[in-house]
Amino acid sequence: MNMMVFEYGDSAIVVDCGVMFPDAELPGVDIIIPDITYLRQIHDRIRAIILTHGHEDHIGALPYVLDEIDAPVYGTPFTLALARAKLVEHEMEHSVEMREMRPAMPFDIGPFHVEFIHLTHSIIESGALAITTPAGIIIHTGDFKFDPTPMDQRQSDLHTLADYGRKGVLALFSDSTNVERPGITPSERAVRERLSEIITAAEGRVLITCFATSVHRLQIVADLAYERGRRLCFLGRSMHQISEIAQQMGRLPIPPGLLVDPQELRNLPRSKVVVVLTGSQGEPMAALPRVAVNRHRWLSVEPGDEVVISARVIPGNEKAIFRMIDHLYRRGARIHYDDGSQPPVHVSGHGSAEESNLMLNLVRPRFFVPLHGEYRQLFRHAEAAKQVGIPPENIFLLESGDVLEFDGENTKKVGRVPVGRVCIDVGTLDEVGDVILKERRHISEDGIVIPILAINEHTGQLEVPPEIVSRGFVPMDDAAHLVESARQVILKTIEVSNTEEVTDWGVIKEKIRTALRRHFDQETGKRPMVLPVVLEV
């Protein structure tokens, strides 16, 4: 998740407002947002929130931040459209002022003179910010790569970057995500060749999963479907929502008659369909993982179908993704994923080492701060900056919360502000800055229920009836009735699940957790923490 504050005098601007997603170690948590304690402290000085692009790790926390901070939001038209959709979900769209920004149209926010500089990335309308202050010029790159042949012909604006470099840039804050990769990141067009091969050779359906915000990737698939005489279907909530926004804005042109609704898929020949769907990270309730275990309402996979995972594996999701791939192989599908083969099914949206070096050489900053990466990546980026001539004493490796002060001549760390993470349960909008505190509060209010199941890993059958342990949930007089009814809910959930779902611990635990929370809510009005435990037998 990304968020940075720039301050001068009595004015401050916030750049980006992102979320991150939890791993299996955070049960009951849907998203994680930044701790905004410091923003609350300076709320009367915040003049604006500026978004570099529309990815979740840059805009996802907006509804939660804007619930407490009153400030206009700046972004490109597409970025603001995605942000507005989030605000609509929270019924906040009429209470937030949104202001468009475009390349070559600078604007002033108090002492900050801001120019948006278009750079290519894996989402359209992404870019850097040139922030001119009385102390000097700051360049914040956002996420970027230098794609020489972007799908929309809108190349990165290297000339404007170089112009600022000639003027003199006080400090560069630059993306470090792919700095460990040598060379340059391939163009988005490289993916078209591989997808064309797959769709042309396919005898059955073609299912392609990618991030819904990858509008250029969606355009490639739409063009290929049209050229190969196949109908196109977008499947999954975010895929449908974002593709519709892009179409309405003219950023995803689709030929008339190409799109079909999901419910029409069963009536079309399998050789005449391409489906673009959510679930590239193996999320249990997303479209492709449900298809993989034959639990999707409209779509199934059969022998002869091709499945393309056109996305990177986000660290922490490996187990879920490869479990999903195993299920798809069992159904007879042929799977294509990012295994290093050429041409690729996926290319990164972040520049590699040579592009990072080119950014440094174009901007030629006096001071350099690597951003967006693990500490090892920031360190490698700092080493690269030394190689292009930036003095070591002018390079700063910052941790979250560090405060860096520029006075026009010298730069130094001057302390820290409160930082951390706030875990959000979207169902209840419950938030707390520490996972342990959240668990303690949840347990103290509604208790905890631990269903224990012994499942045969081969047959998916229960070896013994489920055991249920509860603490702090209901008085002991009522416990026997609830435990028995909960046991029946578990048995019913397993009964209506197929073998693949039952033997996929991530899926069955989530289904049992959801079913029990709903049951307890209906029976008692409480939502205890439910932590299913599955024992492999």
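The values are calculated or read from the model by the stated rules, or taken from the named source; none is laboratory data. Computed from a predicted structure; not experimentally measured. Note that we place each Cβ from the backbone using ideal geometry, even for glycine, and neighbour counts take in every protein chain shown.
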task: Taking residue 181 as meeting all but one of (1) in the same structural domain as residue 289 (by TED's automatic domain parsing); (2) touching a residue at least 60 places away in the same chain (Cβ under 8 Å), write down the number of the exception.
output: (1)
Residue list for the range 177-201, restricted to those being assigned to a loop (DSSP other than H, G, I, E, B) and of a type outside the set (A, V, I, L, M, F, W, C): 177, 178, 180, 181, 182, 183, 185, 186, 187, 188
- prompt: Scanning the range 362-411 for residues that are polar (S, T, N, Q) and loosely packed, with under 13 Cβ neighbours inside 10 Å, which turns out nearest to residue 144 (Cα to Cα)?
  reply: 387
field: Matching residues in the range 484-496 - criterion: being without any contact (Cβ under 8 Å) to a residue 24 or more places away in the chain and touching a helix residue (DSSP H, G or I) at 6+ places or on another chain (Cβ under 7 Å)
entry: 493
message: Pull out all pairs, ordered by first then second residue, where Cβ-Cβ is under 8 Å, the residues are six or more apart or on different chains, the first lies in the range 246-261 and is farther than 16 Å from residue 100 by Cβ and touching a residue at least 60 places away in the same chain (Cβ under 8 Å), and the second is of a type outside the set (Ser, Thr, Tyr) and assigned to a loop (DSSP other than H, G, I, E, B).
response: 246/124; 246/252
query: Somewhere in the range 151-161, is a residue free of Cβ contacts under 8 Å to residues at least 12 places away in the same chain and either in contact with a Ser or Thr (Cβ under 6 Å, 6 or more places away or on another chain) or of a type outside the set (Phe, Trp, Tyr) (or both)?
result: yes
query: If only one of 40, 47 is over 20 Å from residue 144 (Cβ atoms), assigned to a helix (DSSP H, G or I) and of a type in the set (D, E, K, R), which one is it?
result: 40
- line: Inside the range 104-123, the number of residues satisfying the requirement of being assigned to a loop (DSSP other than H, G, I, E, B) and buried (at least 21 other Cβ atoms within 10 Å of the Cβ) is 4
task: Name the one entry in 518, 527, 513 that is within 30 Å of the chain's Cα centre (by Cα), buried (at least 20 other Cβ atoms within 10 Å of the Cβ) and within 21 Å of residue 447 (Cβ to Cβ).
output: 527
statement: Of the residues in the range 496-509, those that are surrounded by fewer than 18 Cβ atoms within 10 Å (Cβ to Cβ) and at pLDDT 90 or above number 1
- prompt: With respect to the numbered conditions (1) touching a residue at least 40 places away in the same chain (Cβ under 8 Å); (2) within 23 Å of residue 121 (Cα to Cα); (3) in a loop (DSSP other than H, G, I, E, B), which one is the sole condition not fulfilled by residue 302?
  reply: (2)
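For every residue, the table says whether it meets (1) among the hydrophobic types (A, V, I, L, M, F, W, C); (2) in a loop (DSSP other than H, G, I, E, B); (3) farther than 18 Å from residue 344 by Cα; (4) modelled with pLDDT of 95 or more.
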{"position": "125", "(1), (2), (3), (4)": "no, yes, yes, yes"}
{"position": "131", "(1), (2), (3), (4)": "yes, no, yes, yes"}
{"position": "142", "(1), (2), (3), (4)": "no, yes, yes, yes"}
{"position": "166", "(1), (2), (3), (4)": "no, no, yes, yes"}
{"position": "172", "(1), (2), (3), (4)": "yes, no, yes, yes"}
{"position": "203", "(1), (2), (3), (4)": "no, yes, yes, yes"}
- prompt: When you scan the range 50-103, how many residues do you find that are among the charged types (D, E, K, R), assigned to a helix (DSSP H, G or I) and closer than 16 Å to residue 31 by Cβ?
  reply: 4
message: So for the range 476-492 (the condition being more than 33 Å from the chain's Cα centre (by Cα), modelled with pLDDT under 90 and closer than 30 Å to residue 331 by Cβ), does at least one residue qualify?
response: no
field: Candidate set: the range 202-225, residues that are of a type in the set (Gly, Ala, Ser) and touching a strand residue (DSSP E or B) at 6+ places or on another chain (Cβ under 8 Å); chosen: the one surrounded by the fewest Cβ atoms within 10 Å (Cβ to Cβ)
entry: 204
message: Out of 284, 289, 253, 315, I need the residue that is at pLDDT 95 or above, in a loop (DSSP other than H, G, I, E, B) and outside the structural domain of residue 503 (by TED's automatic domain parsing). Which one?
response: 253
- request: Kindly provide the set of residues from the range 242-269 that are under 30 Å from residue 506 (Cα atoms) and not acidic (Asp, Glu), ordered by number.
  value: 242, 243, 262, 263, 265, 266
